[in-house]
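**Q** First the structure, then my questions, so here it is.
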Amino acid sequence: MIAAAGTPATLVYRPPMDPFLDIVHQDDALLVLNKPSGLLSVPGKPADQADCLEARAISKFPTAQTAHRLDRPTSGLFVMGLTAEARRNLGIQFEKRLVSKTYIARVGGRLPEPTGRVEGAMRSDWPNRPRQMIDHEYGKAAATEWEALDHDPLSTRVLLRPITGRTHQLRVHMAWIGHPILGDEFYAPPSLRAAANRLQLHAESIAFRHPSTGDPVRFEVPCPF
């Protein structure tokens, strides 16, 4: 069993307020948002973590229902259903891995090859939740494809394609192969954690079947870093 390195500092939840809600697309069944880094997808358990993307969406679209999640420090595309049927349809597409997603990240060091694939089974690191860990004996199968885009002396800019959707998957996989994501408070060593003022991970594109029409749809939001 292999746990990711890094000890996070005490976190204070200060969600960004501007923009309050960044709408990428909205129709009768579908709501696509651009989540900022630092905002929870759904409410946290402490009372001071009630502000989240889900609550903000519901304040404007009362029937909105969450179809998936993004980590608090991750920015980018977030999909919600505006009807119960749309939510069920989207949930099935995510469960059956019919949704295609790409992320942009900056990771420490220079990757040895232009492309690669990480396969590392994962499970929760229970004594240190919400951290996750690699565990090939008891973990669930997890796979990530990566493609190096460019690099500088400190880091490599990569495109990441999650094949599975485990919690913290991209963060754990990149740390496990020795290239943690810059700004990662859980899995990066102190030098790389301090190398960016936010987690350098952005959900750039998402593609799936529209829950009402069945037509293929794709949305993209440029990476902010």
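**Q** Go ahead and collect, in residue order, the members of region 56-83 whose backbone nitrogen is under 13 Å from a label point 7 Å along the Cα-Cβ direction of Leu98.
**A** Once the point is set 7 Å along Cα→Cβ of Leu98, nothing inside region 56-83 turns out to lie under 13 Å by backbone N.
**Q** Okay, next question. Under 16 Å between alpha carbons, and skipping anything fewer than 8 positions from Lys96 in its own chain: which lysines qualify?
**A** Of all the lysines, those that pass the test against Lys96 - Cα under 16 Å, at least 8 places apart if same chain - are Lys140.
**Q** Over all directions, average the projected area of the Cα convex hull of the chain and note it in nm².
**A** Spelled out: convex hull of the Cα atoms, projected over all directions, averaged, 12.4 nm².
**Q** Tell me the net charge near Asp152. Cut-off is 11 Å between Cβ atoms, Asp152 excluded, with +1 for each Lys or Arg and -1 for each Asp or Glu.
**A** Residues near Asp152 contribute +2 overall.
**Q** Still on this structure, please answer the following. On alpha carbon coordinates alone, what is the Rg over Rh value for region 103-202, Rh being the Kirkwood radius?
**A** On the Cα set of region 103-202, Rg over Rh gives 0.95.
**Q** If each residue of separation counts as 0.36 nm, what is the full-extension length gain between Ser212 and Arg88 once their alpha-carbon separation is subtracted?
**A** 43.5 nm
**Q** In addition: Below 15 angstrom from the Cβ of Leu111, what's the summed charge of the other residues (Lys, Arg +1; Asp, Glu -1)?
**A** Summing Lys and Arg as +1 and Asp and Glu as -1 gives 0.
**Q** Okay, next question. Given the -39500 (n - 2.57) contribution per DSSP H run of 4+ residues, what per-residue ellipticity at 222 nm results for the chain, rounded to the nearest 500 deg cm²/dmol?
**A** -4000 deg cm²/dmol
**Q** Lysines within cross-link reach of Lys60: Cα-Cα under 27 Å, excluding same-chain residues under 8 positions apart?
**A** Lys35, Lys45, Lys101
**Q** Below 9 angstrom from the Cβ of Gly183, what's the summed charge of the other residues (Lys, Arg +1; Asp, Glu -1)?
**A** Summing Lys/Arg as +1 and Asp/Glu as -1 gives +1.
**Q** Out of the chymotrypsin sites (Phe, Trp or Tyr not before Pro) in region 82-148, which ones are loop residues according to DSSP with at most 13 other C-beta atoms within 10 Å?
**A** Tyr138
**Q** Then there's this: Over 16 Å apart: what share of the alpha carbon pairs of region 52-95 falls there, rounded to a whole percent?
**A** Roughly 36 percent, rounded to a whole number.
Any read-out appearing in this document is the output of simple, stated calculations on the displayed coordinates, not a laboratory observation. If you're wondering where the values come from, they're calculated on a predicted model, not measured in any experiment. Reconstructed Cβ throughout: ideal geometry from the backbone, glycine too, with neighbour counts over all protein chains shown.
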